[in-house]
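See structure below.
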């Protein structure tokens, strides 16, 4: 009897369970049907064929990370992401504790700083904050708190913010390679009020450097109050600096799926020249085509970056040459003069912007291959003649990308002869491809010139006499006078 009751109970319970399951499935199916019906109705909406997007806004690299994790992780360790940072023990490269003094001799008399006086800048840490004690605009020493670091590769500078919101680059710069402090538009090279002193209005950071060290910059200067309410979506060169504002792209990726590619710039898919211009917006020297507004006396006339440039547009509409700057060409300017530019070989043919291969270490130049391997991946038929014959152990980059300014490799890719250094007035005026080598660093220029001439002549095609100066004829020997006995 008990067994029968137990069995009947189980059967009843199973029946209830099956009934509930059927009801539950029925509700789920009804819910799914409603969702599908709503989606179908939405896709019938004409807006899906012609979606409406607002003016794109900057959203920051973290918003890109959600879908592009590999690219984000590849970008994060690059110099782009570190172009500007908040000061902390991991971002500050300068020595603020031990080698933390820089003594300079003042250069000019302005009434505020006597000429020839020795002044000592001091860099220190107070209550966890980085401080530079230096001469301010009034000619007196003050403590200035570092608000941001600026650069991390070869040199690092430090920003401070004045009460009106203006940012200035402090007059001490840390040389990462030499591990030394140097004067940077401070009392060793200029004086308060001369227009080039670190705290003069013409050197306000927002007008000179900000466009290439931040992403989503809004300067926001108010003339009536002479104050800045500067905004930036992020410090450093983020995703949107090269791909454009991403708000519409995120909207498309969330809803208008077939519009994703149309709502963001992919430099790889631009025409070759426009693609190179994406890099050129910062790796180019010049001034903005647009004059600075609103303007106050003492401000620079133009921005030192292509103000208003939109990624994907022709860069030359936003830049003009600086008539005062005779020798500060950056990579893009130099590339324009190169055979690479004539052949349509652009920046991203040699460089990765975000390294996806985690098995490879991130090199500072983000080149696709290391040094000579990169050059020889295209230049496979270089003849072993003249300079190439005697430098089979050497480096393509050392000869064809010499560091003419001591820091940045030239991007004209042209060999610079020692003769050009001699014509320029010496190595301090112009470095060349030979003198930068450790073996040749102390060699006299005239000796290097003769050596190069000898290397060329050894491989000259015959007839050899056609390529050398004609021999000087020997003086004629007079015939003996037969009348003399």
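So if I take the centroid of the Cα atoms in segment 206-229 and the same for segment 157-205, what is the distance between those two points in Å?
17 Å
For the modelled label position 7 Å from the Cα of residue 101 along Cα-to-Cβ, which residues of segment 118-136 have backbone nitrogen atoms closer than 18 Å?
Backbone N within reach: 118-126, 131-135.
Please give the peptides 137-146, 195-204 ranked by average Cβ packing (other Cβ atoms within 10 Å per residue), highest first, as a rough proxy for protection.
195-204, 137-146
Among 73, 258, which comes first, then next, by fewest other beta-carbon atoms within 10 Å? The partial results should precede the final answer.
Values: 73 14, 258 10.
Placing the least packed residue first, the sequence is 258, 73.
Note the full-extension length gain between residue 376 and residue 321 as 0.36 nm times their separation in residues minus their Cα-Cα distance, in nm to one decimal. Show your work: numbers first, answer last.
Values: separation 55, 0.36 × 55 = 19.80 nm, distance 3.42 nm.
Full extension of this stretch gives 16.4 nm more.
Over segment 153-294, what is the mean sequence separation of C-alpha contacts under 8 Å (at least six apart), divided by residue count, expressed as relative contact order in percent? Walk me through the numbers before you get to the answer.
Working: 191 pairs, mean separation 19.6, N = 142.
Result for segment 153-294 is 14 percent.
For segment 74-339, what's the relative contact order in percent, using C-alpha pairs closer than 8 Å and at least 6 residues apart?
Details: 525 pairs, mean separation 36.9, N = 266.
Normalised by residue count, the contact order of segment 74-339 is 14 percent.
Order by neighbour count: 101, 268, fewest other Cβ atoms within 10 Å first, most last.
On the way: 101 14, 268 10.
Lowest to highest Cβ neighbour count: 268, 101.
Determine, for 410, 107, the number of other Cβ atoms within 10 Å of each Cβ, and report the residues in order from fewest to most. Please report the intermediate quantities before stating the final value.
On the way: 410 23, 107 17.
Result, fewest neighbours first: 107, 410.
Quick note: the coordinates plus some simple rules give every number you see, no bench work behind them. A quick note: this is a predicted structure, and the numbers were derived from the prediction, not measured. Positions of Cβ are generated from backbone atoms using ideal geometry, with glycine treated the same way; all protein chains shown enter the neighbour counts.
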